[in-house]
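Below is one structure, written out as structure tokens; the observations come after it.
The values are calculated or read from the model by the stated rules, or taken from the named source; none is laboratory data. Just so it is clear, the structure is predicted and the values come from calculations on it, not from any experiment. Cβ coordinates were reconstructed from backbone atoms using ideal geometry, including for glycine residues, and neighbour counts include every protein chain displayed. SASA here: full protein model, heavy atoms, side chains in, ligands and nucleic acids out. Shrake-Rupley method; radii C 1.70, N 1.55, O 1.52, S 1.80 Å.
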Amino acid sequence: MRVVIIGNGVAGMEAALEVRRREPLWDITIISEESDHFFSRTALMWVFSGQLSHQCIEPLERDVYERLSLQRIRARAVGVDVEAKRVLMAGGREPVPFDQLLVACGSKPRPGPWPGSELAGIGNFVTHQDLAWYEAEVHGGPSRGGPPPNADAHLPFSTPDSPYRKRDVAAEARGRRARDVAVIGGGLIGIEAVEVAHAAGLHPRFFIREEWFWPMAIDRAESTWISERMRAHGVQVHLEENVERFEGERSVERIVTDQGSYQADAVVVAIGVVPNTDFLRGEGDMPLTLDRFGGVVVDERLETSVPGIFAAGDCASVRWFNGAVRPEQLWYTARDQGRVAARGLLGDTAQRYARGHWYNSAKLMDIEYTTAGLVNFHVEGERNWFFEEKGPVRSTSRIVLSGDRVVGFNFLGRRWDHAVLIRFIEEHRTLSYVLDHLNEARFDTEFVPPLHIPMEARLRGLSEGPAPSALPQPVAPPAV
Amino acid sequence: MDLQGQNGLDNTFRESWRNRGVVAWVVAGTLISFYTLLYFGGDLGLNDVPALNFDVWAQAIGLPSRWHLYGLLYTVGVVGGGVYYLRKHGNSRYNKYRIAVNVAVQVLLAFTLPLVMALFGQGSYYFSYLWPLAWYDFHPGHLASIPAAVAVWTLGGALVLAPLMAYRYGKRWYCSWVCGCGGLANTFGDPWRHLTATSTKSWKFEKVAVHTVMFIAIGSTFALFLDAFAGDRLPAFHRIVDGGQWWSVKRLYGYVVGSILAGVIGTGLYPLLGPRVWCRNFCPMAALLGLQQKLGRFQITVKPDMCISCGNCTTYCEMGIDVRSYAQSNESFTRSACVGCGMCAHVCPRGVLRLENLTRKRNQGDKARQGLPVVNL
Ligand SMILES: Cc1cc2nc3c(=O)[nH]c(=O)nc-3n(C[C@H](O)[C@H](O)[C@H](O)COP(=O)(O)OP(=O)(O)OC[C@H]3O[C@@H](n4cnc5c(N)ncnc54)[C@H](O)[C@@H]3O)c2cc1C
Ligand code: SF4
Ligand code: SF4
């Protein structure tokens, strides 16, 4: 049996490991354009800052491919010939035949719609090659940890529209490294790009179209604190400012918005990601069905419209916990989908992908963030309970109720165990029960005093309706 | 304001002195030369050169012996490194309290007290070093020569207090709060903690090496004991154990374990192999406490399905434990090597890890935490 997996990300790799566990003799081939080794995409920022090396962000030892005899092809796939069961390759490489195929090709950055976007010095922060570009702009090259092995090995077997192509570096043309860095887009990748520029000693500008940073996830009161921290660190936060165009000769020199014009040596566009599925459209018929988001349509077993071909991870449109069907760009869901798809590849027909409760955590500058359940979701009979802790520990806690039932949590400043929060939700607990037992979910490091909620705050904190400053429209929970 | 987690981003792999650059090699060379002179200057015949004789240096600044000079330098290293550490990681209370205790123990118990005693013509006692790290402590001759209260501490500390504490709180109570070797590693050595090898190979070496030294330490302590009581009747045995030749057990242990492994290699290689080479691979105390920890209540709890496999924990674990492999498979764990420095939890950007001394209640919580139904695999 020949299994081919397009993608060496978490979805593809989990699937490969799972198939190998069950089938020691099957032929498994992993096609990956981006890198020789599976790495943690979530950790790009620390490679940029120099906190981690490329090898540090690889979750498995490098010899795993040899040990488990997983074959690798470092080249771009440009289409799938469903009839002949072959993956078509760029650069004149032989097509790769398969009996079963897993498409786990991840996301690519959403391109900026603005004039001037093709100038050198404008890039993203999603792929290895984006990282190399951003490092070249700001640091003049990779850290002493070095570039990833064979960083450019795929270039002869790539295409000009690939998200893994090599970028032009404005710093090289200019003859000096970037001083004025701008980041566009107030989401997680945006704040990470800002944070690492700040760590490099710069004072980046952060352009956010919305009224406050990350409105999908946090409300105005919560976000104000984040902006405050950013400004305290020297980040220039521009809220409610729309980018209009970029100006410059060959490299970007200025960024023009509806409110002004600013010097810019390097611009990171971080306005979201889209499924990296253009190559599946290929020439001629499109065998795999894609939806309007560009995600590969799959059933509950993650099988696509073509039997024997599965899709998993960022590129697949899956059923969210709220019933919506669209791509979900998260590490833990990509990993779980990889495992489920592997069962499909193994011929297990009973295995279904079922999304559990929503939860996530992050670090926004130096503030811990944990969420679980339905937050900013405009649930029926919504009420919000909010408490701001000031003192030796600063934190905010928001608990969302539907009627008398607790359905969601949003926390900043402390660490919480989402599993316990989800238990509260599943047990249909009331606010007073949850407040009495909240510290069971505490996950703070040792010696941090427990959260103490004064009696009057328990009552005063509750307000009817959605969170006072939440978005007017119900939104899907935030991915990156 | 009290913040958890890492305070700002580090640039470990951009700073050459922290990533095996020229300066790192120079510092390592200096440390190795220093330790070689300190321990073996006499044997190498270098003590005749005044500039290379640390006793001369010590007397020049009014200290009784080279060992007090060494103690002074050590303390300066711990205090200076402590300041560096607190600036980097002092935003979190665990780190703050831990390093404060470490520095205080070094300054007061390991340096000032012995110095004052020496200046008053008394024998020096190092209360913060326990057997088997202070390997000679259990020698009957030594026990007989010290005041009864000190002898009670020497025996009780090593045989009762240390195992009980390790059972209750993990070996961290010693290795990361009290011990001078750990103290130096976590202060002066902190800039290089990410250099500790994390490969499977290094783990295999560690397991064999550290337990071998542990058995040698325990076995040779028995031998010393036996020798003290029956040495007269067994002259050949006495010659082997404590005969005074360089190859006698007593001197060999001192040279190999005390001087070479703990000093020359253990500290000398900080800038190249990370600060816990000695603690991880050779320290008999760490091995023994590790076994007690394994049976005890300390564990690192993992939040289920929250890890993003970034590798910060594994990289910054000074004991080379692949923390990420546990985190990404949702496995709370107790590793005997873990010194409970808390850095894995500190640097984790998703707050996945927590150091805990389990109680019954928490155990139940832990069960409830295991079954997070994302997919029913
Ligand atoms: C900066 C950043 C931070 C993030 N932080 C978080 C976070 O904190 N938490 C979280 O849950 N998620 C986070 N994410 C999202 C998370 O990283 C992704 O959801 C996850 O990595 C998706 O994995 P995947 O396996 O689906 O795809 P990917 O990791 O994108 O892998 C795609 C693979 O497909 C290959 N490939 C694609 N197209 C082709 C082709 N045509 N030919 C050959 N090979 C191809 C590539 O080489 C690559 O190996 C972050 C993402 C970014 C960019
Ligand atoms: S596992 Fe964590 S606490 Fe234990 S030694 Fe490593 S970093 Fe320190
Ligand atoms: S436990 Fe935390 S630090 Fe370790 S790999 Fe997972 S997310 Fe990263």
> Name the residues in the range A:218-255 that are in a strand (DSSP E or B) and either over 23 Å from the mean Cα position of the chain (by Cα) or within 16 Å of A:V268 (Cα to Cα) (or both), would you?
Replying inline: A:Q236, A:V237, A:H238, A:V243, A:E244, A:R245, A:F246, A:E247, A:S251, A:R254, A:I255
> Here are some residues: B:T212, B:T301, B:T221, B:T314. Which one is within 16 Å of ligand 3 (Cβ to nearest atom) and surrounded by fewer than 22 Cβ atoms within 10 Å (Cβ to Cβ)?
Replying inline: B:T301
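Residues are listed down the side, and each one gets a yes or a no for (1) away from every other protein chain (no Cβ under 14 Å); (2) open to solvent by less than 40 Å² (accessible area, probe 1.4 Å):
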{"residue": "B:L31", "(1), (2)": "yes, yes"}
{"residue": "B:W67", "(1), (2)": "yes, no"}
{"residue": "B:Y74", "(1), (2)": "yes, yes"}
{"residue": "B:V79", "(1), (2)": "yes, no"}
{"residue": "B:K88", "(1), (2)": "no, no"}
> Just one of the numbered conditions (1) closer than 27 Å to A:Q55 by Cβ; (2) open to solvent by 30 Å² or more (accessible area, probe 1.4 Å); (3) out of contact with any Ser or Thr (no Cβ under 8 Å at 6 or more places or on another chain) is not true of A:L202; which one?
Replying inline: (2)
>> Being more than 14 Å from chain B (Cβ to nearest Cβ), assigned to a loop (DSSP other than H, G, I, E, B) and farther than 30 Å from A:A316 by Cβ is true for just one of A:G116, A:G141. Which residue is that?
In response: A:G116
> Can you pull out the helices (runs of 4 or more DSSP H) entirely within the range A:387-463 that have at least 1 residues that are within 11 Å of chain B (Cβ to nearest Cβ) and basic (K, R)?
Replying inline: A:418-426
> Which residues, taken from the range A:172-184, are in contact with a Lys or Arg (Cβ under 8 Å, 6 or more places away or on another chain) and open to solvent by 10 Å² or more (accessible area, probe 1.4 Å)?
Replying inline: A:A173, A:D180
>> Conditions first: (1) within 14 Å of chain A (Cβ to nearest Cβ); (2) open to solvent by 50 Å² or more (accessible area, probe 1.4 Å). B:V26 passes all but one, so which condition is the exception?
In response: (1)
> Give me the pairs: first residue in the range A:28-55 and facing chain B (nearest Cβ under 8 Å), second residue part of a helix (DSSP H, G or I) and small (G, A, S), beta-carbon distance under 7 Å, and six or more apart or on different chains, which are they?
Replying inline: A:S49/A:A199; A:L52/A:A43
>> Quick check on the range A:36-52. Is at least one of its residues within 16 Å of ligand 2 (Cβ to nearest atom), of a type in the set (S, T, N, Q) and under 23 Å from the mean Cα position of the chain (by Cα)?
In response: yes
> Quick check: is even one residue across the range A:375-383 open to solvent by less than 40 Å² (accessible area, probe 1.4 Å) and facing chain B (nearest Cβ under 10 Å)?
Replying inline: no
> Looking only at strands (runs of 3 or more DSSP E) that fall completely inside the range A:279-329, which ones have 1 or more residues that are exposed (fewer than 14 other Cβ atoms within 10 Å of the Cβ)?
Replying inline: none
> Is the range A:387-400 home to any residue that is within 16 Å of ligand 3 (Cβ to nearest atom), open to solvent by 10 Å² or more (accessible area, probe 1.4 Å) and in contact with a Pro (Cβ under 9 Å, 6 or more places away or on another chain)?
Replying inline: no
> Does A:G79 meet the test of being modelled with pLDDT under 95 and open to solvent by 20 Å² or more (accessible area, probe 1.4 Å)?
Replying inline: no
> When the range A:458-471 is examined, which residues are found to be surrounded by fewer than 17 Cβ atoms within 10 Å (Cβ to Cβ) and over 27 Å from the mean Cα position of the chain (by Cα)?
Replying inline: A:R458, A:L459, A:R460, A:L462, A:S463, A:E464, A:G465, A:P468
>> Among the listed residues B:G62, B:G41, identify the single one that is more than 30 Å from A:E368 (Cβ to Cβ), at pLDDT below 95 and loosely packed, with under 13 Cβ neighbours inside 10 Å.
In response: B:G62
>> What's the number of the only condition in (1) open to solvent by 30 Å² or more (accessible area, probe 1.4 Å); (2) away from chain B (no Cβ under 14 Å) that A:L17 fails to meet?
In response: (2)
> Which residues, counting only those in the range A:312-360, are of a type in the set (D, E) and within 13 Å of another protein chain (Cβ to nearest Cβ)?
Replying inline: A:E328, A:D336, A:D348
> How many residues are open to solvent by 10 Å² or more (accessible area, probe 1.4 Å) and among the small types (G, A, S) if we restrict to the range A:118-140?
Replying inline: 4
>> Within the range B:326-369, take every residue that is facing chain A (nearest Cβ under 8 Å) and open to solvent by 40 Å² or more (accessible area, probe 1.4 Å) and give me the one that is modelled with the highest pLDDT.
In response: B:Q328
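Let's see how each residue does on (1) of a type in the set (D, E, K, R); (2) closer than 19 Å to A:T224 by Cα:
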position	(1), (2)
A:A350	no, no
A:A362	no, yes
A:M365	no, yes
A:T370	no, yes
A:E382	yes, no
A:G408	no, no
A:L421	no, no
A:E427	yes, no
> Within the range B:1-23, can you find the residues that are outside any helix (DSSP H, G or I) and either among the small types (G, A, S) or away from chain A (no Cβ under 14 Å) (or both)?
Replying inline: B:G5, B:G8, B:G21
> Of all residues in the range B:284-295, which are within 16 Å of ligand 2 (Cβ to nearest atom) and open to solvent by less than 20 Å² (accessible area, probe 1.4 Å)?
Replying inline: B:M285, B:A286, B:A287, B:L289, B:G290, B:Q293
> Failed condition for B:N102, given (1) among the polar types (S, T, N, Q); (2) surrounded by 16 or more Cβ atoms within 10 Å (Cβ to Cβ); (3) assigned to a loop (DSSP other than H, G, I, E, B), with all others met?
Replying inline: (3)
>> Exactly one of these conditions fails for A:A43: (1) touching a helix residue (DSSP H, G or I) at 6+ places or on another chain (Cβ under 6 Å); (2) on the phi > 0 side of the Ramachandran plot; (3) not acidic (D, E). Give me its number.
In response: (2)
